[in-house]
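**Q** Have a look at this one.
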Amino acid sequence: MKPDWDSLMEEYSGSATALVADVDCTTEGKDLCSEHGVRGYPTIKYGDPSALEDYKGGRDLASLKKFAAENLKPMCSPANIDLCDDAKKAEIEKFMAMDDADLDASIKEKEALQQKTEADFKVLVEGLQKTYQEAMENKDKTIEEIKNSGLGLMKAVKSVKAKKGSEEL
């Protein structure tokens with residue numbers, strides 16, 4: 001993916017409206033990555049710098065270029081409210097009218113909900129993993145019991161009988 005990403009960065013290097021860059025989250029970019037919720041590498045984010053979204057598309061150059069062409073442009077945001085539809089404008093205006101304490105509380109509430117959702121998902125996945133592991137162990141044990149119950153000998157006897165039968169003809 002790195003060569004494709006480097007090509008995309010080169011293509012957008014002089015853009016006045018889009019930034020395609022990479023950040024080393026293990027060194028000087030650690031704080032930036034933490035601030036934007038980067039937990040795995042490579043992670044691609046896009047959108048308004050104050051509210052970046054996770055990119056979920058293809059990682060090849062064609063997919064990256066297509067996505068960039070469609071999405072890396074000025075977008076509806078508080079800084080570009082003229083690009084918003086009426087519903088988004090109303091939502092932005094509602095948030096702009098909130099005092100800082102209420103806005104901070106709302107952000108904190110939504111982030112807590114997001115963290116709870118992530119935690120609930122993690123618990124679910126761990127439960128599924130445990131169920132899968134138990135099912136796998138049960139399957140392996142059952143197959144081993146079947147084999148040990150004489151299946152191999154039965155197959156060997158059948159083979160010998162078939163061989164003897166063909167010799168008699």
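Each reported figure results from applying straightforward, stated rules to the coordinates on display, with no laboratory input. From a predicted model like this one, the values you see are computed outputs, not experimental measurements. Note that each Cβ is placed from the backbone with ideal geometry, even for glycine, and that neighbours are counted across all protein chains shown.
**Q** What distance in nm lies between label points placed 7 Å from Cα along the C-beta direction at L32 and E109?
**A** Using points 7 Å along Cα→Cβ, the separation is 3.3 nm.
**Q** Quick check on my link table: of K56/K141; K89/K110; K130/K158; K139/K164; K110/K130; K30/K94, which ones sit more than 28 Å apart, alpha carbon to alpha carbon?
**A** Working: K56/K141 39 Å; K89/K110 20 Å; K130/K158 40 Å; K139/K164 35 Å; K110/K130 30 Å; K30/K94 33 Å.
Correct reply: K56/K141; K130/K158; K139/K164; K110/K130; K30/K94.
**Q** Taking the Cα atoms of the stretch 2-74 alone, what are Rg (to one decimal) and Dmax (as a whole number) in Å?
**A** For the stretch 2-74, the Cα-based Rg and Dmax read 12.0, 31 Å.
**Q** Please give the per residue volume of the convex hull enclosing the alpha carbon atoms of the chain, rounded to a whole number of Å³. If you can, show how the numbers build up before the last one.
**A** On the way: hull volume 44.8 nm³, N = 169.
Dividing the Cα hull volume of the chain by its residue count gives 265 Å³.
**Q** Within the stretch 6-33, what residues put their amide N at less than 17 Å from the label point 7 Å along the Cα-to-Cβ vector of E118?
**A** 25-26, 30-33
**Q** Report the FRET efficiency, 1/(1 + (r/R0)^6), for M98 and V23, where r is their Cβ-Cβ distance and R0 is 45 Å, rounded to 0.05.
**A** The value I calculate is 0.90.
**Q** Pull out the extension gain between N71 and A135, defined as 0.36 nm times the separation in residues minus the alpha carbon to alpha carbon distance; nm, one decimal. If you can, show how the numbers build up before the last one.
**A** Values: separation 64, 0.36 × 64 = 23.04 nm, distance 4.41 nm.
Difference between extended and current length: 18.6 nm.
**Q** Expressed as a rounded percentage, what relative contact order does the chain have, with Cα pairs under 8 Å and six or more residues apart?
**A** Numbers: 74 pairs, mean separation 22.2, N = 169.
It rounds to 13 percent for the chain.
**Q** How high is the relative contact order of the stretch 1-77, in percent, counting Cα pairs under 8 Å that sit 6 or more residues apart?
**A** Once normalised by length, the contact order is 33 percent.
**Q** When the helices in the chain are scored as -39500 (n - 2.57) per DSSP H run of 4 or longer and the sum is shared across all residues, what 222 nm value do you end up with, to the nearest 500 deg cm²/dmol?
**A** Working: 6 runs with 103 residues, N = 169.
Value at 222 nm, helices only: -20500 deg cm²/dmol.
**Q** In nm, to one decimal, how far is the modelled label at L83 from the one at V160, with both set 7 Å along Cα→Cβ?
**A** Inter-label distance under the simple model: 8.0 nm.
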